[in-house]
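S.K.: Would you mind keeping the following structure in view while I ask a few things?
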Amino acid sequence: MSDRFRSILWLILYSLAAGVLLAAFSFTPGIWKYMFSLLALYLGIRFFRKYDSIGLRIAFFAVAILFYLLAAVIISIVTYMRDNPDIFNNV
């Protein structure tokens, strides 16, 4: 496996984890939301220690935001479907 492919794979995995943690932060009430925020910060720090390239760091932020938006939409859809079962039973 080449170093470039390995770097891209780690970029996607770290960004996916950070995006999902940030989405969990957005939808979780109470004190638990701060645990998700701190875990996302920890992942960001680990990624920045491992990769010092400016391009990979910018890509980390961009891809993490994309995964956050995707996770937020999926969580919103699931929550709406769970809270309104009568709408989907008549289809």
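S.K.: Before anything else, pin down the relative contact order of segment 1-64: Cα pairs under 8 Å, at least 6 apart, normalised by residue count, whole percent.
M.R.: Over segment 1-64, the number comes to 43 percent.
S.K.: Test of understanding: what is the full-extension gain from Ile58 to Val73, defined as 0.36 nm times their sequence separation minus their Cα-Cα distance?
M.R.: 3.1 nm is the gain from fully extending Ile58 to Val73.
S.K.: Follow-up. Compute the long axis of helix 54-83 from its Cα atoms, compare it with the longest principal axis of the Cα atoms of the chain, and write down the angle in degrees, 0 to 90, nearest 10.
M.R.: 10 degrees
S.K.: What number in nm² do you get for segment 40-91 if you take the convex hull of its Cα atoms and divide its surface by four?
M.R.: 4.7 nm²
S.K.: I need the Kirkwood Rh of the chain: take the reciprocal of the average 1/r across all distinct C-alpha pairs and report it in angstrom.
M.R.: Hydrodynamic radius (Kirkwood, Cα only) of the chain equals 14.5 Å.
S.K.: Right, something else. Compute the long axis of helix 3-27 from its Cα atoms, compare it with the longest principal axis of the Cα atoms of the chain, and write down the angle in degrees, 0 to 90, nearest 10.
M.R.: 40 degrees
S.K.: So how much slack lies between Tyr42 and Phe27, counting 0.36 nm per residue of separation and subtracting their Cα-Cα distance, in nm?
M.R.: 3.5 nm
S.K.: Follow-up. Between Ile87 and Met1, how many nm apart are label points set 7 Å from Cα along the C-beta direction?
M.R.: 4.1 nm
S.K.: In degrees, nearest 10, range 0 to 90: what is the angle between the Cα axis of helix 32-50 and the longest Cα principal axis of the chain?
M.R.: 20 degrees
S.K.: Let me know the shape class of segment 1-53, please: from the alpha-carbon gyration tensor, a ≥ b ≥ c as square roots of the eigenvalues, rounded when a/c is under 1.5, otherwise prolate if a/b is greater than b/c, or oblate.
M.R.: It comes out prolate by the Cα gyration axes.
Every number here is computed from the coordinates shown, using simple stated rules; none is lab data. As the structure is a prediction and not an experimental result, all values here were calculated from the model. Counting neighbours? That spans all protein chains shown, and the Cβs are built from the backbone with ideal geometry, glycine included.
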